[in-house]
Amino acid sequence: MDRLTAPLTTDHKFAIVAASNIFTDIEETLISSIDSTIVSDKLPFTLEEHWRDWLGKIQHDNLMGCNLFIERYRTSGWAANQLEVLDQINHDLRGEVYAVFSLLHLLGTWEYDRPNVYLFTGHMKDSFATVRQFARLERFNVTRGCRGSELTAQSISEALALYRAMENLTIRLPDDERARFWRGFRALMYGLKAFFASDRLHGFVRSLEALILPEKSNTEKQFRDRCAIMGAPDSEEAKARQMLGEAYKLRSDVEHVNEWDKSLTTLTNATAREERALWRTRQVEALACAAYRRILLAANAQKHFMSDADIRAFWEPSNVIVARAAMGNVCNITVVS
């Protein structure tokens with residue numbers, strides 16, 4: 001991304017996600033012209049005083065206190081005299097900027113004030129900004145014990161690359177309701193937003209199952225074996241299989257509405273069982289995020305996940321060399337603490 005030395009004053013429509021108290025090194029305004037995206041540590045335009053009354057003082061002050069603003073904008077595409085109309089362009093921009101913000105959560109655990117994340121859209125005309133819609137976003141939660149990361153300009157660039165890849169894949173794989181990859185992606189997003197660790201684990205394991213297409217009679221073993229290829233170097237696969245086996249049993253208990261740590265019978269202390277279950281959750285979260293990043297960004301991996309037939313062929317035992325080359329060790333879960 002490049003440094004933006006002056007505000008964007010050209011007439012345009014915009015949608016912005018704003019987050020507060022985020023741990024970031026971004027202290028200037030950056031622009032990616034190819035992505036029509038601006039990132040700043042402050043609101044990229046001045047809001048007139050009457051917006052304080054419209055938003056309410058508390059919400060207005062919370063917005064002004066945000067230290068990360070991600071803006072998607074468009075400078076053309078509307079009919080004459082339609083700049084001020086809230087239209088499909090605004091709707092699309094809202095979806096785009098929310099997707100970029102969501103994809104950031106595939107890259108790390110960010111520390112920010114999760115109840116106060118805002119999404120708003122409007123237009124800029126004659127250097128005067130008008131906000132037409134304003135909402136608080138559904139929060140992304142954190143698995144207990146995850147270490148926070150610093151959000152950098154590189155993080156934003158990687159999220160933009162993921163968004164471009166997602167757009168391109170949507171063209172190739174448009175049936176997002178039925179396509180196995182997109183159903184798994186939605187399970188991953190569900191897991192990242194879930195509050196309870198047991199629900200998060202359930203979402204992450206489901207998202208991995210979408211990628212491995214296990215046979216009904218052999219689900220647990222294939223989950224262990226296939227995810228271990230993705231989740232560890234060759235020398236650590238046995239260790240990873242043991243960890244993944246525990247994660248799968250935890251998910252099974254969640255699925256059947258049992259206590260999620262019921263299967264951890266070797267641990268008699270309740271605190272130890274809880275800590276082990278949380279550890280397994282952090283591991284499958286890291287693996288699921290890394291696997292979906294790889295498939296979105298790497299053509300040699302993506303081509304194997306376009307259909308159930310592709311996935312089934314990819315995981316054939318005779319194809320293990322190809323599987324390791326495309327998806328091997330995308331994340332070493334044995335070092336995830």
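As for segment 104-116, it holds no residue that is outside the structural domain of residue 282 (by TED's automatic domain parsing), among the hydrophobic types (A, V, I, L, M, F, W, C) and farther than 30 Å from residue 283 by Cβ. If I filter segment 28-65 down to residues being in contact with a strand residue (DSSP E or B) (Cβ under 9 Å, 6 or more places away or on another chain) and of a type in the set (Asp, Glu), which single residue comes out as farthest from residue 85 (Cα to Cα)? Step by step, filter segment 28-65, then rank; the result is 28.
What do you reckon, is residue 290 closer than 22 Å to residue 173 by Cβ, out of contact with any helix residue (DSSP H, G or I) (no Cβ under 7 Å at 6 or more places or on another chain) and modelled with pLDDT of 95 or more? Considered against the rule, which asks whether it is closer than 22 Å to residue 173 by Cβ, out of contact with any helix residue (DSSP H, G or I) (no Cβ under 7 Å at 6 or more places or on another chain) and modelled with pLDDT of 95 or more, residue 290 comes out as yes. Evaluating residue 176 against the criteria (1) surrounded by fewer than 23 Cβ atoms within 10 Å (Cβ to Cβ); (2) in a helix (DSSP H, G or I) leaves one unmet condition, (2). Residues in segment 32-45 that are of a type outside the set (Gly, Ala, Ser) and either assigned to a loop (DSSP other than H, G, I, E, B) or within 21 Å of the chain's Cα centre (by Cα) (or both): 35, 37, 38, 39, 41, 42, 43, 44, 45.
Residue-level check: of (1) in contact with a Ser or Thr (Cβ under 7 Å, 6 or more places away or on another chain); (2) crowded, with 17+ Cβ neighbours inside 10 Å, residue 65 misses just (2). For the condition among the hydrophobic types (A, V, I, L, M, F, W, C) and in contact with a strand residue (DSSP E or B) (Cβ under 8 Å, 6 or more places away or on another chain), residue 89 qualifies.
Within segment 1-31, the set of residues being in contact with an Asp or Glu (Cβ under 6 Å, 6 or more places away or on another chain), assigned to a loop (DSSP other than H, G, I, E, B) and β-branched (Val, Ile, Thr) comprises 26 only. For segment 33-46, what are the residues that are among the small types (Gly, Ala, Ser) and surrounded by fewer than 16 Cβ atoms within 10 Å (Cβ to Cβ)? Residue satisfying the conditions is 33 alone. Of all the listed residues (142, 97), the sole one being assigned to a helix (DSSP H, G or I), closer than 30 Å to residue 199 by Cβ and aliphatic (A, V, I, L, M) is 97.
Here residue 201 fulfils each of the conditions (1) touching a residue at least 40 places away in the same chain (Cβ under 8 Å); (2) touching a Ser or Thr at 6+ places or on another chain (Cβ under 9 Å); (3) surrounded by fewer than 18 Cβ atoms within 10 Å (Cβ to Cβ); (4) closer than 22 Å to residue 105 by Cβ apart from (3).
Apart from one condition, residue 307 fits all of (1) surrounded by 20 or more Cβ atoms within 10 Å (Cβ to Cβ); (2) of a type in the set (Ser, Thr, Tyr); (3) more than 23 Å from residue 144 (Cα to Cα); the exception is (1). If the condition is being in contact (Cβ under 8 Å) with a residue 12 or more places away in the chain and under 16 Å from residue 170 (Cβ atoms), then segment 295-319 contributes 295, 296, 297, 302, 305, 306, 307.
Of the helices (runs of 4 or more DSSP H) lying entirely inside segment 194-304, those containing at least 2 residues that are basic (Lys, Arg) span 197-212, 219-231, 237-255, 270-297.
The values are calculated or read from the model by the stated rules, or taken from the named source; none is laboratory data. Keep in mind that what you see is a predicted model, and the values were worked out from it rather than measured. Here the Cβ is made from the backbone with ideal geometry for all residues, glycine too, and neighbour counts use every protein chain on show.
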